[in-house]
Amino acid sequence: MNKYSSADCSRVASSIRRIMEDDPAPKPGDYREAAAVPGGRRHFENSVKREIRPLVRHLRSLRKRVRASEEQNESQKRLLAMVAHDVKNPLTAILGYAGMLANRLKSLPTESRYTANICTAAETLYRLINDLVDLAAMESGKLRINPRPMDLRAVLRDVRALTSLEARRRGIRLGFECPPDLPKATGDPWRLEQVIQNLCVNALQYTPRNGRVGVSAKKTAEGLRITVRDTGIGIPAKELPYIFDRHFQGQAAQARHKTGLGLGLAICREIVRMHGAEISVASRPGRGSAFSFTLPLSAPA
Ligand SMILES: Nc1ncnc2c1ncn2[C@@H]1O[C@H](COP(=O)(O)OP(=O)(O)OP(=O)(O)O)[C@@H](O)[C@H]1O
Ligand SMILES: [Mg+2]
């Protein structure tokens, strides 16, 4: 019987391997040559089987692992959403009562310092939980917005109320600039307040004492442009492409702000995208940063 030599076999095997490894230049001549040898076809088939068997086994085990990890992922997401929801409720009570206590203890300096610390810690926790809830919603495609004609001035007023105390505490000048005749935009006021507040919190966190943070809204040819600017530490060019990625935290930023999860900007980008816009950043290390996006104007009634 005309047997295939081991050199032939290994040639066939290696050309099959090339195909499996997606070699851009397989040599089809190898196969035709192999099949032309008497008995070569059977050897060729055996050789193919021998090569393919472990591959099939590997693919099966891979498929099993992918399925298991998908199921685990799903149950982790469900657990996260549940825990986040169940933690938020008692936290809201802590925040509410701590706020009332702080009011009553205003005249006692030590006690009011303690209650202020409780409030700050609870607020940080609340922000983290909210970000986790939003992340879970984002990952399961359940983050929703409710766009309607809205007054951006009212949104900026709320953001000012929520951030000015923190700015004072940090010794940073916080300014808002918004013309009185600003037309209405289309958007979800609650979600946009979250975005602008998040950008302000970042600006405050990454700006040293005596710096400035400014929020402005103005009409442009494209719509309503919102910018949050600071005179802070800025962002190194090599980090800029990643700052909107989930869980990314810059090196200098991490050193200043240890409690974050690196989710703020990822959530901002998602919400802004849901409004059909894109958030952009310009920054110079040591000089400051500016984050902007443009909302569509609402059609006149
Ligand atoms: N105004 C800013 N000035 C300098 N760096 C910034 C500014 N805003 C964001 N960054 C950089 O972008 C990174 C990502 O920001 P993001 O808000 O997503 O996360 P974080 O602030 O670190 O944590 P979290 O928002 O979850 O509390 C930050 O870690 C920081 O490196
Ligand atoms: Mg942040």
Over the chain, relative contact order from alpha-carbon pairs under 8 Å, at least 6 apart, %: 14 percent
Electrostatic dipole magnitude of the chain [Cβ: Lys, Arg +1; Asp, Glu -1; Cα centre; debye, to 20]: 440 debye
Inter-label distance for His247 and Ser280, nm, one decimal - labels placed 7 Å from Cα along Cα-to-Cβ: 3.0 nm
Cβ-based net charge around Phe176, under 15 Å, with every Lys or Arg adding one and every Asp or Glu removing one: +3
Fewest-first sequence of Asp134, Asp230 by Cβ atoms within 10 Å of each Cβ: Asp134, Asp230
Lys219-Leu162 pseudo-label distance in nm [points 7 Å out on the Cα-to-Cβ vector]: 2.7 nm
Extension gain from Lys258 to Ala154, taking 0.36 nm per residue of separation minus the Cα-Cα distance: 34.3 nm
Within the chain, longest stretch clear of exposed GluC sites (Glu not before Pro) (DSSP loop, no more than 12 other Cβ within 10 Å): 22-221
Placed amide H near Leu224: partners under 5 Å, 5+ positions off or other chain: Leu295, Leu297
DSSP-defined beta bridges in the chain - what % are antiparallel, rounded to 5: 80 percent
Length added when fully stretched, Val48-Leu80, from 0.36 nm per residue minus Cα-Cα: 6.8 nm
Pair Ile118, Ala68: separation of 7 Å Cα→Cβ label points (nm): 4.7 nm
Residue-wise HN-Hα coupling along the stretch 124-132, computed from phi with Karplus coefficients 6.51, -1.76, 1.60 (Hz; x: Gly, Pro): 4, 4, 4, 5, 4, 4, 4, 5, 5
When each of Lys184/Lys218; Lys142/Lys184; Lys184/Lys219 is checked by Cα-Cα distance, pairs over 20 Å: Lys142/Lys184
DSSP-assigned coil residues among trypsin sites (Lys or Arg not before Pro) in the stretch 125-206, each with at most 11 further Cβ atoms within 10 Å: Lys142, Arg144
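Each reported figure results from applying straightforward, stated rules to the coordinates on display, with no laboratory input. Model, not experiment: these values are computed from the prediction. FYI the Cβ positions are ideal-geometry reconstructions off the backbone, even for glycines, and counts take in every protein chain you see.
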